[in-house]
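The values are calculated or read from the model by the stated rules, or taken from the named source; none is laboratory data. All figures in this text were calculated on a predicted structure; none of them were measured in a lab. Ideal geometry is used to build each Cβ from the backbone, glycine not excepted, and the neighbour counts take in all protein chains shown.
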Amino acid sequence: MASRDSLGEFEHIIVLALLRLEDRAYGVTVRQEIELRTHREVSIGAVYATLDRLETKGYVKSHRGDPTPERGGRSKRFFRVTGKGVAAVNRTRAALESMTEGLVLIRSYS
Amino acid sequence: MTSPADFLRPPRIAAWLINLFAPAEDSASIVGDLLEEYSRCASRSGVAFARRWYWRQTVKSIAHLFACGFRGAPWSTAAAVAGGFLLLRFVSGLPDMLLSAITDRYLAFWSTHFPAYVWVLRAMLPAHFIAITFVGAVVALLAKGREMVATMTLALALCGLIGVALMWVGMHRPIDVVWVLLSCADPFVIVMSGAIIRTRRSAAVTLRSGG
């Protein structure tokens, strides 16, 4: 069933952030990109929990960078979207477009 | 007065809490990411603002990590919690039974050595908490990588039962405050055992990876 392969709202946002950031995508940049574009405060825990879930589904892959001093000697974990992830984004976007097509998204309060 | 070192040192308790709740494989990355943003935030907006930001991130992150930790392995976590519950029923009464058996067995001895009798009675409470610590440690060991999720779930279930028991007791007779305090201490001890096991495991992982 296609619906099992489509992305949830936050998963969708995360994958789009990864696609925007390309090879600069790690926890900090992903979180900041989402805050910048959606104007909502996002926790780093929510970002990692979603990225782990997406990795389990095979939509993203991760690798570790070198440890850096400004991070207390801890390495960055970089993420990138897989082909399966791109297909899932396209499916989700197509489903959203299909659902919103022809709708007037302005509600009058009378 | 803020020293330059404070720019790089986030709130210790918050960093410890993040370490406890983050999955072992993500822990270093999450703490590193927070430290990187904290340093930038402190130099841009001041240490007080950065510390508030760090705490806000910690609280929100813990809620997500706890929920995802449970969703990630619901059956193994539930099994660890159920096992802990059964063990709790079996183990929590053991120290009292053992020490009561000793006091009953040597009644003649206590009549001539009363201070020793008092000492044995006083040992009941620490022995009870040692037993509860043991249960918390077993649950944490069973739920490898999800120590805090399992011990906190068990503690929350216990809190729920204590609440129901309190309501029931309250309807039938006056509530003994000492009994209430002792009952509420059990969930806290279980969570602390989970925290100890998790901290020791994280330290062992860091040592192995040479960090």
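Miscellaneous remarks
- Cβ pairs under 9 Å, 6+ apart, first in region B:183-207 and in the same structural domain as residue B:130 (by TED's automatic domain parsing), second aromatic (Phe, Trp, Tyr): B:185/B:129; B:186/B:129; B:189/B:129; B:193/B:134; B:195/B:16; B:198/B:21; B:199/B:16
- Residue, surrounded by the most Cβ atoms within 10 Å (Cβ to Cβ), within region A:38-49, restricted to residues that are more than 11 Å from the chain's Cα centre (by Cα) and of a type in the set (Val, Ile, Thr): A:44
- Lone unmet requirement of (1) touching a Lys or Arg at 6+ places or on another chain (Cβ under 6 Å); (2) over 26 Å from residue B:41 (Cα atoms) for residue A:65: (2)
- Test: residue in region A:61-78 that is of a type in the set (Val, Ile, Thr) and over 30 Å from residue B:207 (Cβ atoms): no
- Residue within region A:78-99 that is touching a strand residue (DSSP E or B) at 6+ places or on another chain (Cβ under 9 Å), surrounded by 12 or more Cβ atoms within 10 Å (Cβ to Cβ) and closer than 25 Å to residue B:56 by Cα present: yes
- Among the residues of region B:130-144, the ones that are buried (at least 16 other Cβ atoms within 10 Å of the Cβ) and either farther than 17 Å from residue B:201 by Cα or modelled with pLDDT under 85 (or both) come to 3 in all.
- Test: residue B:85 is away from every other protein chain (no Cβ under 14 Å), within 26 Å of the chain's Cα centre (by Cα) and surrounded by fewer than 17 Cβ atoms within 10 Å (Cβ to Cβ): yes
- Test set (1) under 13 Å from residue B:29 (Cα atoms); (2) at pLDDT 90 or above; (3) surrounded by fewer than 12 Cβ atoms within 10 Å (Cβ to Cβ) - residue A:52 fails condition number: (3)
- Matching residues in region A:22-37 - criterion: being of a type in the set (D, E, K, R) and under 17 Å from residue A:81 (Cα atoms): A:22, A:23, A:24, A:31, A:33
- Of the residues making up region B:24-54, those that are within 7 Å of chain A (Cβ to nearest Cβ) and either at pLDDT below 90 or over 21 Å from the mean Cα position of the chain (by Cα) (or both) are B:26, B:28, B:29, B:30, B:32, B:33, B:34, B:35, B:36, B:37, B:39.
- Residue match in region B:109-121 (condition: surrounded by 15 or more Cβ atoms within 10 Å (Cβ to Cβ) and either β-branched (Val, Ile, Thr) or outside the structural domain of residue B:79 (by TED's automatic domain parsing) (or both)): yes
- Residues satisfying the stated conditions in region B:55-64, i.e. facing chain A (nearest Cβ under 8 Å) and either surrounded by 18 or more Cβ atoms within 10 Å (Cβ to Cβ) or touching a strand residue (DSSP E or B) at 6+ places or on another chain (Cβ under 8 Å) (or both): B:57, B:61, B:62, B:64
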